[in-house]
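The values are calculated or read from the model by the stated rules, or taken from the named source; none is laboratory data. Worth saying up front: this structure is predicted, and the values here are computed from it rather than measured. Cβ sites come from the backbone with ideal geometry, for glycine too, and all protein chains shown count toward neighbours. Accessible surface areas use protein heavy atoms only, side chains included; no ligands, DNA or RNA. Shrake-Rupley method; radii C 1.70, N 1.55, O 1.52, S 1.80 Å.
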Amino acid sequence: MARKFFVGGNWKCNGTAEEVKKIVTTLNEAEVPSEDVVEVVVSPPFVFLTLVKSLLRSDFHVAAQNCWVRKGGAFTGEISAEMLVNLGIPWVIIGHSERRALLNESNEFVGDKVAYAVSQGVKVIACIGETLEQREPGSTPIAEKVTNWENVVLAYEPVWAIGTGKVATPAQAQEVHCELRKWLNDNVNSEVAASTRIIYGGSVNGANCNELAAQPDVDGFLVGGASLKISDVLSFIVPLV
């Protein structure tokens, strides 16, 4: 089953309005494959979501970097899935390793957040951990609670690589992604295993993305810091297909 390549840019807690506009201008002016071939999603900080959405080309999409585990209410500082729907934001990143480490988000909590966002019609980039021991527990709560896998992309994060400049070799990335697909086959079903996109999220850059993208079970990237660099921002999209 053919899986459309997916490129996500996580801008994290970075940028000013002017810097964001420059990146969006670069994306808008680029010649890239059609959205039938590659799906491109950018994830600015929440305060810039509507700005980016208003300026970004129509074949690219916008993601929030987080949302709350249930309907809004007395949860100061949180953002609900319903708010994202109201703003017309189709995607959200959930379970990023930085939130797990800094804010102690557990596998169960992440699983609940993924399930609730999907139930509200928001598509999810669901991040899971690095070692086999961490990967399987991280996947289980999601698998137990999600019924509509069409709206879920799994992002494998080798925590040792994020922000370090280190990167898994293409063979290492392929091995992990293949194991994750086998896990989906055994714990969900063969159709979900074949169709779910599993993207790589560890210090991807313009120099290593082509070889990683050539691996049969690597269906794209969740790019961090490099997605903020004007010189690199298109490297992940243009040469891949």
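The combined condition, being surrounded by 13 or more Cβ atoms within 10 Å (Cβ to Cβ) and of a type in the set (Ser, Thr, Tyr), is fulfilled by SER43. Of the residues THR26, THR50, THR76, which is assigned to a helix (DSSP H, G or I), surrounded by fewer than 21 Cβ atoms within 10 Å (Cβ to Cβ) and free of Cβ contacts under 8 Å to residues at least 40 places away in the same chain? Of THR26, THR50, THR76, the one residue that is assigned to a helix (DSSP H, G or I), surrounded by fewer than 21 Cβ atoms within 10 Å (Cβ to Cβ) and free of Cβ contacts under 8 Å to residues at least 40 places away in the same chain is THR50.
Quick one: is VAL204 open to solvent by less than 20 Å² (accessible area, probe 1.4 Å), in contact with a His (Cβ under 9 Å, 6 or more places away or on another chain), assigned to a loop (DSSP other than H, G, I, E, B) and not acidic (Asp, Glu)?
Criteria not met by VAL204.
Could you pull out every one of the helices (runs of 4 or more DSSP H) wholly within the range 124-200 that has 3 or more residues that are out of contact with any helix residue (DSSP H, G or I) (no Cβ under 7 Å at 6 or more places or on another chain) and modelled with pLDDT of 80 or more? Walk me through how you get there before you give the answer.
Values: elements: 132-145, 170-187, 190-195.
Here the list reads 170-187, 190-195.
Looking at the structure I just gave you, is GLY111 outside any helix (DSSP H, G or I) and either farther than 17 Å from LEU222 by Cβ or out of contact with any Leu (no Cβ under 8 Å at 6 or more places or on another chain) (or both)? So GLY111 fails the test. Is at least one residue of the range 92-109 free of Cβ contacts under 8 Å to residues at least 24 places away in the same chain, on the phi < 0 side of the Ramachandran plot, touching a helix residue (DSSP H, G or I) at 6+ places or on another chain (Cβ under 9 Å) and surrounded by 17 or more Cβ atoms within 10 Å (Cβ to Cβ)? Within the range 92-109, one or more residues are free of Cβ contacts under 8 Å to residues at least 24 places away in the same chain, on the phi < 0 side of the Ramachandran plot, touching a helix residue (DSSP H, G or I) at 6+ places or on another chain (Cβ under 9 Å) and surrounded by 17 or more Cβ atoms within 10 Å (Cβ to Cβ).
When restricted to residues that are in contact (Cβ under 8 Å) with a residue 40 or more places away in the chain and open to solvent by 50 Å² or more (accessible area, probe 1.4 Å), the range 172-190 contains 2. No other residue among GLU82, GLU35 is of a type in the set (D, E, K, R), part of a helix (DSSP H, G or I) and touching a Lys or Arg at 6+ places or on another chain (Cβ under 9 Å) apart from GLU82. Checked against the criteria, VAL38 does not count as open to solvent by less than 10 Å² (accessible area, probe 1.4 Å), more than 13 Å from ILE237 (Cα to Cα) and in contact with a helix residue (DSSP H, G or I) (Cβ under 7 Å, 6 or more places away or on another chain).
Would you please name the residue that is modelled with the lowest pLDDT, looking only at residues in the range 218-241 that are of a type outside the set (A, V, I, L, M, F, W, C) and out of contact with any strand residue (DSSP E or B) (no Cβ under 6 Å at 6 or more places or on another chain)? If we take residues in the range 218-241 being of a type outside the set (A, V, I, L, M, F, W, C) and out of contact with any strand residue (DSSP E or B) (no Cβ under 6 Å at 6 or more places or on another chain), then PRO239 is modelled with the lowest pLDDT.
Quick one: would you say TRP11 is touching a helix residue (DSSP H, G or I) at 6+ places or on another chain (Cβ under 9 Å), open to solvent by less than 20 Å² (accessible area, probe 1.4 Å), of a type in the set (A, V, I, L, M, F, W, C) and on the phi < 0 side of the Ramachandran plot? Judged against the criteria, TRP11 is a match.
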